[in-house]
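Peer 1: Below is the structure I would like to discuss, written out as structure tokens.
The values are calculated or read from the model by the stated rules, or taken from the named source; none is laboratory data. These figures come from a predicted structure and were not determined experimentally. With ideal geometry, Cβ positions are generated from the backbone for all residues, glycine too; neighbour counts draw on all protein chains shown. Just the protein is used for accessible areas: all its heavy atoms, side chains included, with ligands, DNA and RNA removed. Shrake-Rupley method; radii C 1.70, N 1.55, O 1.52, S 1.80 Å.
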Amino acid sequence: MNRDARLRDLSSDHHHALVLARSIARGAMSPEEVQAAYDRSLAPHFALEEELMLPALSHAGDTELARRTSEEHALLRAHLARSVEDARALQDFAELLVSHVRFEEREVFPAVERLGAVVLDRIAAAHGPRS
């Protein structure tokens, strides 16, 4: 899939999210390890999307994409919060994460690419290097 270069860092985040989901599904990570991975990479990724992408999508009339993305972010956070006490919640988190990444790559990012250079430049600048 040809992705606009300004979204490639976010797509790379998605790759790392899929690796995380696979590790969770194999039982290779504790809830605490998943929380640390979330804090390090997914939380900043979600924040960028929620602060820049979703408002731009809504403004352009793609309110359903923005709403679904926001709701899935909230659901992922809820599953992760419950995972310390409920092992199934961690598996649900992993399954939803895979589905969410696919949704963003297939539907949200193409819509964002249609928003134009100003939005894409802001996203690329905001992502910046991450460790």
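Peer 1: Only one residue in Glu71, Glu49 is assigned to a helix (DSSP H, G or I), open to solvent by 50 Å² or more (accessible area, probe 1.4 Å), modelled with pLDDT of 95 or more and of a type outside the set (Gly, Ala, Ser). Which one? Give the steps one after another, and end with the answer.
Peer 2: Working: Glu49 fails: open to solvent by 50 Å² or more (accessible area, probe 1.4 Å).
Within the list Glu71, Glu49, the selection yields Glu71.
Peer 1: Here's another thing I want to ask about it. Exactly one of (1) at pLDDT below 95; (2) surrounded by 14 or more Cβ atoms within 10 Å (Cβ to Cβ); (3) of a type outside the set (D, E, K, R) is unmet by Ala87. Its number?
Peer 2: (2)
Peer 1: Could you tell me whether Asp39 is open to solvent by 20 Å² or more (accessible area, probe 1.4 Å), touching a helix residue (DSSP H, G or I) at 6+ places or on another chain (Cβ under 6 Å) and at pLDDT 95 or above?
Peer 2: No, not satisfied.
Peer 1: So which of Phe109, Phe103 is among the aromatic types (Phe, Trp, Tyr), open to solvent by less than 20 Å² (accessible area, probe 1.4 Å) and touching a residue at least 40 places away in the same chain (Cβ under 8 Å)? Give the derivation first.
Peer 2: Details: Phe103 fails: touching a residue at least 40 places away in the same chain (Cβ under 8 Å).
Result of the check over Phe109, Phe103: Phe109.
Peer 1: As an exercise: evaluate Leu90 against (1) in contact (Cβ under 8 Å) with a residue 12 or more places away in the chain; (2) under 22 Å from Leu10 (Cα atoms) and give the number of the one condition it does not meet.
Peer 2: (2)
Peer 1: Continuing with this model, one more query. Say whether the condition of being closer than 26 Å to Arg26 by Cα and either modelled with pLDDT of 95 or more or in a loop (DSSP other than H, G, I, E, B) (or both) is met by at least one residue in region 107-129.
Peer 2: no
Peer 1: Of everything in region 52-66, what is touching a helix residue (DSSP H, G or I) at 6+ places or on another chain (Cβ under 8 Å) and either on the phi > 0 side of the Ramachandran plot or part of a helix (DSSP H, G or I) (or both)? Give them in sequence order.
Peer 2: Across region 52-66, the qualifying residues are Leu52, Met53, Leu54, Pro55, Ala56, Leu57, Ser58, Thr63, Leu65, Ala66.
Peer 1: Return yes when Ala25 is in contact (Cβ under 8 Å) with a residue 24 or more places away in the chain, over 15 Å from Gly128 (Cβ atoms) and buried (at least 19 other Cβ atoms within 10 Å of the Cβ) and no when it is not. Give the steps one after another, and end with the answer.
Peer 2: Working: in contact (Cβ under 8 Å) with a residue 24 or more places away in the chain: yes; over 15 Å from Gly128 (Cβ atoms): yes; buried (at least 19 other Cβ atoms within 10 Å of the Cβ): no.
No: the conditions fail for Ala25.
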